[in-house]
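Encoded as C-alpha cells, the structure appears first; notes follow it.
The values are calculated or read from the model by the stated rules, or taken from the named source; none is laboratory data. Predicted model, so just to flag it, every value in this text is computed and none were measured. FYI the Cβ positions are ideal-geometry reconstructions off the backbone, even for glycines, and counts take in every protein chain you see. Protein only, heavy atoms only, side chains kept; ligands, DNA and RNA dropped before computing areas. Shrake-Rupley method; radii C 1.70, N 1.55, O 1.52, S 1.80 Å.
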Amino acid sequence: MESLPVEIKFAQNLAGNETKTRLKAVKKLKKYLKVKSASKKDGFSCEDFLKLWKGLHYCMWMQDKPLLQEELSTTLTNLVHDLSTHEAQMMFIKVFFITEAREWSSIDIWRLDKFMMMVRNMLYESLMVMKKLKWHRNKLEGLTQMFYDTVMNPESDTIPDGLKIHFCDIYLEEVEKAGDSQLTGSQLLQLLDPFIRFMQKAKNATLLKRVVSCVFDPVVTRIADEVWMQQTQNAESDDTEEAEDIPFLTLKFDGKLISDHIFRVSQEDDVLSRNRPMLYGIVKKLQDIQEGVLPQEKEINISEGVTGHEVRQAVNTLMNLDGKKDRKKKNRKKKNKTEKHTGKIHFI
C-alpha cells in the first residue's frame, strides 16, 4: 500500500481534533516549507499548496478563544516568509485566497470574525513581501493582478460577495500599515488597479457603491486633505494636531495620475456603459481638487476640537442630503403637473 503524500499528512494533522497535534504540525510545516521551496528539482506545486491550505483553514476553524485565534492567524499567515523563493510565496498567497473564496460561504457566523482577521493578516503579509522587495514594479503588478483574479474579479462565479466587501473594507488600512510613506504615486495607483478594473466590468450595483465608498472616496478625501493642509499651513490653527486625525495620512496619492488613468480606462470598449458615470464621477472630483475646488466651499461655524477632516465629511453628507431633497422636490413638481385638475387648485 502506497504511503500518503506529505502534504496530505500535514493537512490531516493540521485539521486534527487535538490542539497539540495541530500546533506540532504547524511547527513542522514551517521547516518543511523552507526546505522544499529551496529545492530546484522538487519545489511546491499549486496542488501541494491547495492541500496544505485546506488543512491550515481547518486548523483555524478548530481554534477557539480570541487571543489564541489572533496568535494562530498571525502564525499561519507569516508562513509565507518561510518560503525560499518569490514564486513560491506568490503561489502560497494565491492559493490562500482561492481557498478562502471556496470555503467562505460555509463559514458560520460564529467563526466568520477569525477568518476575516486571517484575510486581513494575509493581505498585510503579502504587502510586506512587496516591501522587502522595495515595491519592485513587476512584482507589484503580479500581486495586484493576483488580488484581482482571486478576490475582485467581477466575472468570477466562485468568489463570494462577502469576501469582496471585506477586502474593500480593509484594503487601504493595510496598505498604509505596510507602505507607510515609502510608496510613490505610481505605486499607489498600481495598488488601486484591482478596484479600477472591478469598476469597469462589475454588474452588482451594491458592490460598486462599496468600492467607491471604501476605496475611492477615502482616496479623494485624502488628496483633498493634502491640498487643504497646504492652503492652511500659515493659518493660526494647530495644523499638526488636525493632521494626526486625517485617515491614510502617510499615503501620498497623485490625484492627476489617478484621474488621468481612470479617465483613460473608462474609454475602453469593454467597460460597461452604466459604470462609466461612476468612473467619471471619481475623475471629476479629482479634477476639481486639482483646480483648487475642495469638496466643500460653504462658510460654516466650526466647534472647538472638530478637525478639518471631520468638517469635510459632514459637509459632504449635508450636500448629499441637499441633493436628495432637490430630487424629491422635482419629482413632486413633475407629479403635480401630470395630475388632472378636477376643480381643485393645486399649490406647489
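Tell me the residue from 18, 87, 47, 70 that is out of contact with any strand residue (DSSP E or B) (no Cβ under 6 Å at 6 or more places or on another chain) and either surrounded by 15 or more Cβ atoms within 10 Å (Cβ to Cβ) or under 18 Å from residue 119 (Cβ atoms) (or both), please.
Details: 18 fails: either surrounded by 15 or more Cβ atoms within 10 Å (Cβ to Cβ) or under 18 Å from residue 119 (Cβ atoms) (or both); 87 fails: either surrounded by 15 or more Cβ atoms within 10 Å (Cβ to Cβ) or under 18 Å from residue 119 (Cβ atoms) (or both); 47 fails: either surrounded by 15 or more Cβ atoms within 10 Å (Cβ to Cβ) or under 18 Å from residue 119 (Cβ atoms) (or both).
Matching residue, one of 18, 87, 47, 70: 70.
Just wondering, is there one or more residues in segment 37-49 that are of a type in the set (Gly, Ala, Ser), closer than 15 Å to residue 96 by Cα and without any contact (Cβ under 8 Å) to a residue 40 or more places away in the chain? Yes - at least one qualifying residue is present in segment 37-49.
Please find, within segment 173-184, the residue that is farthest from residue 204 (Cα to Cα) out of those that are part of a helix (DSSP H, G or I) and open to solvent by 10 Å² or more (accessible area, probe 1.4 Å). Before you say what the answer is, go through the steps one by one.
Applying the first criterion (part of a helix (DSSP H, G or I)) to segment 173-184 yields 173-179.
With the extra rule that they be open to solvent by 10 Å² or more (accessible area, probe 1.4 Å), the set shrinks to 173, 176-177.
Values: 173: 24, 176: 28, 177: 30 Å.
Filtering first and then ranking leaves 177.
Within the bounds of segment 80-91, is there any residue that is under 22 Å from residue 158 (Cβ atoms), without any contact (Cβ under 8 Å) to a residue 60 or more places away in the chain and part of a helix (DSSP H, G or I)? Break it down stepwise before answering.
First, pick out the residues of segment 80-91 that are under 22 Å from residue 158 (Cβ atoms): 90-91.
Now drop any that are not without any contact (Cβ under 8 Å) to a residue 60 or more places away in the chain, which leaves 90-91.
Filter once more, so that each one left must be part of a helix (DSSP H, G or I): 90-91.
For segment 80-91, residues under 22 Å from residue 158 (Cβ atoms), without any contact (Cβ under 8 Å) to a residue 60 or more places away in the chain and part of a helix (DSSP H, G or I): present.
Among all positions in segment 36-44, there is no residue which is under 30 Å from residue 109 (Cβ atoms), of a type in the set (Phe, Trp, Tyr) and either surrounded by fewer than 12 Cβ atoms within 10 Å (Cβ to Cβ) or touching a Leu at 6+ places or on another chain (Cβ under 9 Å) (or both).
Summed over segment 91-134, residues that are farther than 16 Å from residue 165 by Cβ, out of contact with any Ser or Thr (no Cβ under 7 Å at 6 or more places or on another chain), open to solvent by less than 30 Å² (accessible area, probe 1.4 Å) and of a type in the set (A, V, I, L, M) total 4.
Confirm whether residue 159 is without any contact (Cβ under 8 Å) to a residue 60 or more places away in the chain and assigned to a loop (DSSP other than H, G, I, E, B). Judged against the criteria, residue 159 is a match. Restricting attention to segment 16-65, the residues that are polar (S, T, N, Q), within 18 Å of residue 85 (Cβ to Cβ) and assigned to a loop (DSSP other than H, G, I, E, B) add up to 2.
Every residue, every condition in (1) open to solvent by 70 Å² or more (accessible area, probe 1.4 Å); (2) in a helix (DSSP H, G or I); (3) modelled with pLDDT under 95, yes or no:
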| position | (1), (2), (3) |
| --- | --- |
| 275 | no, yes, no |
| 279 | no, yes, no |
| 288 | no, yes, yes |
| 292 | no, no, yes |
| 296 | no, no, yes |
| 301 | yes, no, yes |
| 306 | no, no, yes |
| 312 | no, yes, yes |
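For segment 198-227, the set of residues classified as touching a Ser or Thr at 6+ places or on another chain (Cβ under 9 Å) and not hydrophobic (A, V, I, L, M, F, W, C) consists of 200 only.
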